[in-house]
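So the structure is just underneath, and the comments pick up after that.
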Amino acid sequence: MKNQLVSKIKNIFAFDLRSLAIFRIGLALVIIADLLIRFGDIEAHYSDAGVLDRTVLINQLLNPWYWSVHLISGQPFVQQILFLIALLIAVLLLIGYRTRWMTMASWMLIISLHNRNPALIFAGDDALRAILFWAMFLPLGAYYSVDNALNTSSKPLPKFVVSGATVGFIFQLCYIYMFSAWFKHQSPLWSEESSAVYYALSFDQYATGFGQFLLGLKPLLPTMTFGALWFEWLGALLLFIPFKNSFFRGIAIVAFISLHLSFGLSFTIGVFPVLCVAAWLAFLPSPVWDWLEKKTYSKERVGLKINYDRDCGFCKKVVHFLRTFLILPGTPLLVAQENPDVYADMEKYNSWVVEDWQGKRYFKWQGIAYVVSLSPILWWLAPILRIKPFMAIGTKFYETIATNRTIAGKLTAPFKYDSFQVRHGWTFNILTLFILGLVTFWNFASFADSHIFHHSPTATSQMVKRVTKSRTAQSISWLGELTRLDQSWSIFAPNPPRDDGWHVILGTLKNGKEVNLLQEDSDISWDKPTIKQRNQLYQNMQWRTYFINLNRNIGKKLYPHYGDYLCQQWNKNHPKNQQLESLEIFFMSETTAPPEEPQEVIQESHWQQSCSKL
């Protein structure tokens, strides 16, 4: 009985190593996409010539325990180098090279980047840091990776892993939803009126065409509100059902991925939906992979043999990479010299020797095309590789590599053979469970700090407040700030944002002409922008978040420096007779009215300044 209980608990917290590999690939792609999106605004967002120089950040905004490598220089060129380093590390994480080290490096550089400009941070950034943190402790490189391809260990890898880190990762993902639901539950818009989805979809700063379509389905919005709230409360609990866990885990995966896809269609919220989809792929149960293996079984794949030149280190690594990344596990990689007949063909054609299940042999680029044709994921490339022009070019490329093996070997030299094993001792498990305890505590502390928590005090809330505000709690708060595990999941909570509106920035040139500083090629307009126009104004999530924050409390600290940035950018890009004399930033405030009530727009002047002294 006891063994059955332990087995069921293990099943709950177990992760298939293949699922973790898919999660790694998805996570790396999210990081790469995020960095590429931000890359175009390096000068504006991360240099001293942008909207927030380092002196202002350090003196006015940055938490004392927040750190950033990006503060070493305010020059755009240095920031570009840091971005390129981060991109390189993310690519290495994608292919699974020194996976744990690359995950750690990515986590540190993401923290550094986020701390460099806190005015750009939104919920997706918080989720990325938290997920990356726990990813450092998971064996993400066990499958579909360079680490796996060049693994020298004779011990077979386990099918799944259970550790303190897997427990921590599961609870971390649950906290994102359940603490968000707890925040929401404190608001009558979610728990009583069921109007929260109406207000969320009405917030034009996040609006999409599909979101506006849903907003038109007003009779369904209360049901959506009720469903979203209770699904966040209870949906993640499907992971903890001890019987038929794989079945219920599968339901949770499909449900949450569908939820995030609907978020991505309904709101403009950056990489957040894709990140969460990637995180849920880590939960794919082993039966899914077993089913896929059966579906992709074929005598052609089982009968494949690849023979390589023992004296060519480059060749050996390449065939290991092909077997791993084409997902052809179990394919024999044989030394050609050990079979006289195969060796004779290798010498004759100066090529590797690929044998199919019937003993037919393929050489050079033809061999590559055949091996690719057997891949369960890249088989569709084979017909392209076999097109005559590609075949001719590919064959020539292969022959060039074959006659320049020494040079080619330098390309794979950084990839070293090493032993890769999945093992976790008691020290590792105790450490990760201790960190989970701290993360749990900090989540409760974030709730205790919420203003809505103080409006309706209860005995429980007062106890939570006393504990989280105790001297002991305060003495460890620096650790959460240092690691950026100081998390708060108040996503559309306690209330969806209602401080809607849009900015109009009026510039006056020295010749007296008035210009539109947000859209130079457009006339000044006070009309509400369409979704298409907003997407042109806010070209990525960072700009969108920045303009939202201009209208929040932090905006008082941001406006002077944003004004300086606008003056400098305009005057740098225009001749002397068109220099900017002054500017005024207006906010057309449109607080979301309750359903069926008319919207009111109020023109507010938020900032004025002269550009003549800059």
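The values are calculated or read from the model by the stated rules, or taken from the named source; none is laboratory data. Everything numeric here is computed off the predicted structure, so don't read it as measured data. Neighbour counts are summed over all protein chains in view; Cβ atoms, including those assigned to glycine, are modelled from backbone coordinates with ideal geometry. Heads up: the accessible areas ignore ligands, DNA and RNA and are worked out on the full protein's heavy atoms, side chains in. Shrake-Rupley method; radii C 1.70, N 1.55, O 1.52, S 1.80 Å.
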TODO: Take the stretch 506-550 and flag every residue that is under 16 Å from Phe586 (Cα atoms), assigned to a loop (DSSP other than H, G, I, E, B) and open to solvent by less than 60 Å² (accessible area, probe 1.4 Å).
DONE: Leu517, Leu518, Gln519, Ile524, Ser525, Pro529
Task: Selected residue (criterion: farthest from Val146 (Cα to Cα)) from residues of the stretch 313-340 that are open to solvent by 60 Å² or more (accessible area, probe 1.4 Å) and in a helix (DSSP H, G or I) - done: Pro340
Task: Residues within the stretch 63-87 that are assigned to a loop (DSSP other than H, G, I, E, B), closer than 24 Å to Ile554 by Cα and either in contact with a strand residue (DSSP E or B) (Cβ under 9 Å, 6 or more places away or on another chain) or open to solvent by 30 Å² or more (accessible area, probe 1.4 Å) (or both), tallied - done: 5
Open item on the list: Quick test for you: out of Phe169, Phe226, Phe213, pick the one residue that is over 30 Å from Gly96 (Cβ atoms) and touching a residue at least 24 places away in the same chain (Cβ under 8 Å).
Closed with: Phe226
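Results for (1) in contact with a helix residue (DSSP H, G or I) (Cβ under 8 Å, 6 or more places away or on another chain); (2) more than 23 Å from Ser610 (Cβ to Cβ); (3) not in a helix (DSSP H, G or I), shown as yes or no for each residue.
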site: Tyr562; (1), (2), (3): yes, no, no
site: Tyr565; (1), (2), (3): yes, no, no
site: Gln568; (1), (2), (3): no, no, no
site: Phe586; (1), (2), (3): no, no, yes
site: Pro594; (1), (2), (3): no, yes, yes
site: Pro598; (1), (2), (3): no, yes, yes
- [ ] Could you check, for the stretch 252-268, whether at least one of its residues is surrounded by 17 or more Cβ atoms within 10 Å (Cβ to Cβ), not acidic (Asp, Glu) and not in a helix (DSSP H, G or I)?
- [x] yes
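Return yes when Leu27 is open to solvent by 30 Å² or more (accessible area, probe 1.4 Å), assigned to a helix (DSSP H, G or I), touching a Leu at 6+ places or on another chain (Cβ under 9 Å) and not assigned by the TED database to the domain that holds Ile554 and no when it is not.
On the way: open to solvent by 30 Å² or more (accessible area, probe 1.4 Å): no; assigned to a helix (DSSP H, G or I): yes; touching a Leu at 6+ places or on another chain (Cβ under 9 Å): yes; not assigned by the TED database to the domain that holds Ile554: yes.
Here the answer is no, as Leu27 does not meet what is asked.
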Open item on the list: Condition first: more than 30 Å from Pro158 (Cβ to Cβ), modelled with pLDDT under 95 and assigned to a helix (DSSP H, G or I). Can you find one or more residues in the stretch 411-434 that meet it?
Closed with: yes
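Quick one: is Arg386 among the basic types (Lys, Arg), more than 38 Å from the chain's Cα centre (by Cα) and more than 28 Å from Trp289 (Cα to Cα)? Please lay out each step first, then the result.
Numbers: among the basic types (Lys, Arg): yes; more than 38 Å from the chain's Cα centre (by Cα): no; more than 28 Å from Trp289 (Cα to Cα): yes.
Answer is no for this residue.
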Task: Residue selected from the stretch 474-505 under the condition open to solvent by 30 Å² or more (accessible area, probe 1.4 Å) and without any contact (Cβ under 8 Å) to a residue 60 or more places away in the chain, by the criterion farthest from Ala207 (Cα to Cα) - done: Ser475
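Within the stretch 584-600, is there a residue that is more than 26 Å from Ser202 (Cβ to Cβ) and in contact (Cβ under 8 Å) with a residue 60 or more places away in the chain?
First, the residues of the stretch 584-600 that are more than 26 Å from Ser202 (Cβ to Cβ): 584.
Within this subset, residues satisfying the condition of being in contact (Cβ under 8 Å) with a residue 60 or more places away in the chain are 584.
Taking every residue of the stretch 584-600 in turn, at least one turns out to be more than 26 Å from Ser202 (Cβ to Cβ) and in contact (Cβ under 8 Å) with a residue 60 or more places away in the chain.
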- [ ] Enumerate the pairs (first residue in the stretch 272-295 and outside any helix (DSSP H, G or I); second residue anywhere and among the β-branched types (Val, Ile, Thr)) with beta-carbon separation below 8 Å, excluding pairs fewer than 6 apart on the same chain, so at least 6 apart or on different chains.
- [x] Ala282/Ile22; Phe283/Ile253; Leu284/Ile22; Leu284/Ile253
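Answer yes or no as to whether Val78 is within 22 Å of Ala33 (Cβ to Cβ), out of contact with any Asp or Glu (no Cβ under 9 Å at 6 or more places or on another chain) and not small (Gly, Ala, Ser). Lay out the reasoning, then the answer.
Details: within 22 Å of Ala33 (Cβ to Cβ): no; out of contact with any Asp or Glu (no Cβ under 9 Å at 6 or more places or on another chain): yes; not small (Gly, Ala, Ser): yes.
No: the conditions fail for Val78.
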